[in-house]
Structures are given as structure tokens and as C-alpha cells.
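Any read-out appearing in this document is the output of simple, stated calculations on the displayed coordinates, not a laboratory observation. Treat the numbers as computed from the prediction; the structure is a model and nothing was measured. Note that we place each Cβ from the backbone using ideal geometry, even for glycine, and neighbour counts take in every protein chain shown.
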Amino acid sequence: MIICSRYLVPKGYVGLTIFPFIFLKNKAFKKETALLNHEYIHLKQQLEFLIIPFYVWYGLEFLLRLLQYKNWNLAYKNISFEREAFANEYNSKYLKERGFWQFLKYLRSHDFPSK
């Protein structure tokens, strides 16, 4: 279910997924297929991890990346779950072809660009 609210999405972000909801900053983003695909990838990841363990892993990995990069944005973009979603958000077939726990492929690959 998609919910549009500028108050529920943190500043600096346009979307947020908390199973079973996708929160978007405003209604215009409902037309952004890459953004929606990115968020649907997160829904799949959350289901694979039985939801609560996903958030634990996500939070711990974020803290490790923050220690590693000492930069909030780089830490966020280098979380394996985010890297998988960013790398595949433009592939509309990805969720149908995606293997189980595919995010593991993104744990040790090259750093996300700092741009």
C-alpha cells in the first residue's frame, strides 16, 4: 500500500518502506517507476528477513558504514540493501528474476559513488 505524506518521509528522502507500506513524499512520486521499483525491492528484502531482523541488520550495517565512511549519505548509500535497490531500480524485471537474499552480492562490492 502506498501512502503519500510529506510528514512521514524524513527530510532529504522521497520514499520510505516499512512493511507493508511505501511512504512517498508527495503524490507526484507515484508516477516514478524507478522509485517505486526501488521501494518494492525493499519490500521483498523485508519479507525475506521476516521483517524485524531486516531492520536490525539494516541499522547495524548503517552504523558500521557510518564508522567506515564518516558521512551519513555515503553510509546510507553503501548499505547492501540500498545498493541492491539502487543498482536495480531501473530494471522492471528484476523482482521476477531476483534470487533469494540477493543483497548479499552487494555486501563486498565496490563503494557507491560519492556524488
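Where nothing but the Cβ of Lys and Arg (+1) and of Asp and Glu (-1) is charged, how large is the charge dipole of the chain around its Cα centre, in debye to the nearest 20?
The dipole magnitude comes to about 320 debye.
R0 = 35 Å: FRET efficiency of Y13 with W101, Cβ-based, nearest 0.05?
Efficiency, from the Cβ-Cβ distance: 0.90.
Relative to the present Cα-Cα distance, how much length would full extension add between W72 and I52 at 0.36 nm per residue of separation?
Stretched out fully, the W72 to I52 stretch lengthens by 4.9 nm.
Please report, to two decimal places, log10 I(q)/I(0) for the stretch 31-106 at q = 0.11, 0.25 Å⁻¹ as given by the Debye formula with identical point scatterers on the Cα atoms and no solvent.
So the normalised log intensities are -0.27, -1.18.
What percent does the relative contact order of the stretch 31-106 come to when contacts are Cα pairs within less than 8 Å and at least six residues apart?
After rounding, I find 39 percent.
Calculated from DSSP H runs of 4 or more alone, at -39500 (n - 2.57) each and per residue, what is the 222 nm mean residue ellipticity of the chain, nearest 500?
-14000 deg cm²/dmol
Looking at the stretch 1-72, which trypsin sites (Lys or Arg not before Pro) are in a loop (DSSP not H, G, I, E or B) and have at most 13 other Cβ atoms within 10 Å?
Answer by residue number: R6, K11, K70.
Of Q45, I3, G99, which is farthest on the positive side of the dipole of the chain, counting Cα position, with +1 on Lys and Arg Cβ, -1 on Asp and Glu Cβ, and the Cα centre as origin?
Value computed over the given set: I3.
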